[in-house]
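Enquirer: Can you read through this structure? Questions will come right after.
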Amino acid sequence: MASFPSTYQLKASELDEVYVAESNIEEHGLVVESHYVPLVPWVQGSTTTRTVRPGFYMHWADEFFDRELRLRCNEELDFYVITFALEGHWQEISGARRRTYDRHAGTMALIRFSQSKEHRAMPTAQAKQARHLTVAIEGSQLRHWLTDRELTEHPQWRRFLNGEGDPCIVAPLTPRARLVVEQIQNCPFQGACRALSMEARCLDLIVEMIVALSPAPLLSSRRLTSQDQERIYAAAELLRKSLEAPPTLMELATRVSLSESKLKSGFHQVFGTTTFGYLRQQRLEKARLLLERGDCTILDASHMVGISNPSHFATLFKQQFGMNPKQFQLNATRQK
C-alpha cells in the first residue's frame, strides 16, 4: 500500500496527491465549481470549491479525519481568509513568531493569509468530523470595498488591513453566519440562479464578520493572558463533554483554576456569550448532528443534550437554525 505523509505544501501540485476532482460545474465554458474527494485513506468525505468572481473564492467541506493533516503555506499571497467552523478543530500557525491560533467548532476567524505558515486539521477521539466553509478575498478587493469611512468606524479592521496586530482573529460563530453557511452547503439552484445565490450568501458572510469585529463597548477592555485563554478553552471543552449533565458555574471555575468572575468575563471575551449561552449553542449543535445522521428521534435528541422540555427544545432549535427540528429532520432525510 502507498505511504501518505501528514504534511503537504499548500499548492496545486501537492494537493493533487490529497484530493481528486469528482465532478465540475461550468459556466460560459469555464469551470467555476469543483467537487473533490480525498485520495488519502485516512480522510473521508468531500470538499467543494467555487470561484465566486475573479479574486473571490470559497470552499466548503464535510470530512472525517483519522489523523492530523498539515498544509504548509510558502507563498505570501495578498489574500484575506474568513473561515466558519461548524464542527471540528483547526490550528493556524501565523506570523514571524509562528504563533498558534486555535479554531474550534462554533467559531469564525479572519486570517491575514500573507502571514500564514501552516494550516492544521486536528481531529480528536471525540471529534473526527470537520465541517467548515472558507471565503478567500484578494486584498485589493477587500480594501476597495471597505472605504475610509468604514475603516474609521471599524478600527479593528483598519489595523488588520494595515498589517498590525494578530494575523488571525477568532470570534464566536453567529447564528446568522451558521444559517448562511447551511444555505450555501445546501443550495438547490443551478446556472445563473446558483451563481447569484452563492455570491449573495458570500457577501452576507463578510458582513457578519465585519459586524462581529465592530466595537463592542460592553466587552471588558482588559485582555486575557494566554494562560487564562487556555483555561477558558479548557472550560469550553468540559462543557462540550458534559452537555447532558454540565457542571455548575462554581464547579467549572474550580476545575479550570479560575474565579467565577474571570470565567464569566473570559467567556464573553473569547466566545461573545455567557457560559450558559455557549452551553446552549453546543447542545443544539449536538442535537442537530444527531438528527442529521438519523441516530435518534427528536425527543431522544432533546434528552441526550440535557433539554428535558420538548417544546422549549423546538423553540431554541428554530432560533439557532431557522427551522424547527421536524423540518430539519425531513430535509436531512431527503438529502440522503
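Since every read-out is calculated from the coordinates, none of them should be taken as a lab result. Everything numeric in this text was worked out from a predicted model, so none of it was measured. Cβ atoms come from the backbone with ideal geometry, glycine included; neighbour counts cover every protein chain shown.
Enquirer: Can you compute the charge dipole magnitude of the chain about its Cα centre, using +1 on each Lys and Arg Cβ and -1 on each Asp and Glu Cβ, nothing else charged? Give it in debye, rounded to the nearest 20.
Expert: Dipole size: approximately 900 debye.
Enquirer: Sticking with this one: Hey, any idea what the orientation-averaged projected area of the convex hull of the range 219-272's Cα atoms comes to, in nm²? Please list the in-between numbers first.
Expert: Details: hull surface 13.8 nm².
About 3.5 nm², averaged over all directions.
Enquirer: While we're here: Work out, step by step, the length gained on full extension between Asn74 and Glu118: first 0.36 nm times the residue separation, then minus their alpha carbon distance; give nm to one decimal.
Expert: Details: separation 44, 0.36 × 44 = 15.84 nm, distance 0.87 nm.
Using 0.36 nm per residue and subtracting the Cα-Cα distance, I get 15.0 nm.
Enquirer: While we're looking at this one, here's another question. Considering only DSSP beta bridges whose two residues both sit in the range 7-212, what percent are antiparallel, to the nearest 5? Let's see the in-between values first.
Expert: Numbers: 65 of 68 bridges.
In the range 7-212, DSSP labels about 95 percent of beta bridges as antiparallel.
Enquirer: Let me ask something else. Along the Cα→Cβ direction, 7 angstrom out, place labels at Ser197 and Asp16. What is the inter-label distance in nm?
Expert: 3.3
Enquirer: Around Thr51, with a cut-off of 13 angstrom between Cβ atoms, what is the net charge of the other residues, counting Lys and Arg +1 and Asp and Glu -1?
Expert: -2
Enquirer: Is the shape of the range 120-253 best called rounded, prolate or oblate, per the rule: a/c under 1.5 gives rounded, else a/b larger than b/c gives prolate, else oblate, with a ≥ b ≥ c the square roots of the Cα gyration tensor eigenvalues?
Expert: oblate
Enquirer: Rounded to the nearest 0.05, what FRET efficiency is calculated for Thr254 and Arg159 with R0 set to 41 Å and r the Cβ-Cβ distance?
Expert: E(calc), rounded to 0.05, equals 0.65.
Enquirer: When the C-alpha atoms of the chain are aligned to their principal axes, what extent does each axis show, in angstrom, from largest down?
Expert: Principal-axis extents of the Cα atoms in the chain, largest first: 58, 47, 46 Å.
Enquirer: I would also like to ask the following. May I ask for the net charge around Arg70, where only other residues with Cβ less than 9 Å from the Cβ of Arg70 are counted and Lys, Arg are +1 while Asp, Glu are -1?
Expert: Working: positive: Arg72, Arg120; negative: Glu68, Glu118.
Around Arg70, the charge tally is 0.
Enquirer: Are there DSSP H segments in the chain that both extend 18 Å or more along their axis (alpha-carbon positions) and score a mean Kyte-Doolittle hydropathy of at least 0.0? List them, or say none. Provide the component values of the computation, followed by the final result.
Expert: Details: long enough: 191-212 (32 Å, 1.10); 226-241 (23 Å, -0.94); 275-293 (27 Å, -0.77).
Span-like helices in the chain: 191-212.
Enquirer: Is there a quick way to get the dipole size of the range 219-272? I mean about its Cα centre, with the Cβ of Lys and Arg at +1 and of Asp and Glu at -1; what is the value in debye to the nearest 20?
Expert: Value, rounded to 20: 180 debye.
Enquirer: Helix-only estimate, please: 222 nm mean residue ellipticity of the chain, summing -39500 (n - 2.57) across DSSP H runs of length 4 or more and dividing by its residues, to the nearest 500.
Expert: Values: 13 runs with 140 residues, N = 336.
Here the helix-only value at 222 nm equals -12500 deg cm²/dmol.
Enquirer: Obtain the nm distance between the two label points defined at Leu330 and Val211 by a simple spin-label model: each point lies 7 Å from its Cα along the Cα-to-C-beta direction.
Expert: 2.8
Enquirer: Between Thr315 and Thr152, what is the spin-label point distance in nm, taking each point 7 Å from the Cα along the Cα→C-beta axis?
Expert: Inter-label distance under the simple model: 4.4 nm.
Enquirer: Give me Trp145, Trp157 sorted ascending by neighbouring Cβ count inside 10 Å, so fewest comes first.
Expert: Working: Trp145 12, Trp157 20.
With the fewest neighbours first, Trp145, Trp157 line up as Trp145, Trp157.
Enquirer: Can you work out the FRET efficiency for the pair Leu224 and His28, with r the C-beta to C-beta distance and R0 = 51 Å, to the nearest 0.05?
Expert: Efficiency, rounded to the nearest 0.05: 0.55.
Enquirer: Only bridges with both residues in the range 37-112 count here: give the DSSP antiparallel percent, nearest 5.
Expert: 100
Enquirer: Need the list of aspartates and glutamates near Lys318 for cross-linking: C-alpha distance under 14 angstrom, and skip anything on the same chain fewer than eight residues off.
Expert: Glu182, Glu285
Enquirer: Next up: If amide hydrogens are placed 1.01 Å from N in the peptide plane, which non-local residues have theirs closer than 5 Å to the one on Phe79?
Expert: Phe113, Ser114, Gly139
Enquirer: Enter the mean projected area of the convex hull around the alpha-carbon atoms of the range 75-192, in nm², rounded to one decimal.
Expert: Average projection, Cα convex hull of the range 75-192: 9.2 nm².
Enquirer: Further, regarding this structure: Mind scanning Lys241/Lys286; Lys128/Lys326; Lys286/Lys326 and naming the pairs with a C-alpha gap bigger than 18 Å?
Expert: Lys128/Lys326, as the Cα separations exceed 18 Å there.
Enquirer: GluC sites (Glu not before Pro) within the range 62-161: which are DSSP loop residues with at most 16 other Cβ atoms inside 10 Å?
Expert: Taking the range 62-161 and a limit of 16 other Cβ atoms within 10 Å, the loop GluC sites (Glu not before Pro) found are Glu68, Glu75, Glu76.
Enquirer: When the convex hull of the C-alpha atoms of the range 282-336 is computed, what volume per residue in Å³ does it have?
Expert: On the way: hull volume 3.4 nm³, N = 55.
Looking at the range 282-336, the number lands at 62 Å³ per residue.
Enquirer: For Cys296 and Glu237, calculate 0.36 nm times their separation in residues minus their Cα-Cα distance, and state this gained length in nm to one decimal.
Expert: Extending this stretch completely gives an extra 18.9 nm.
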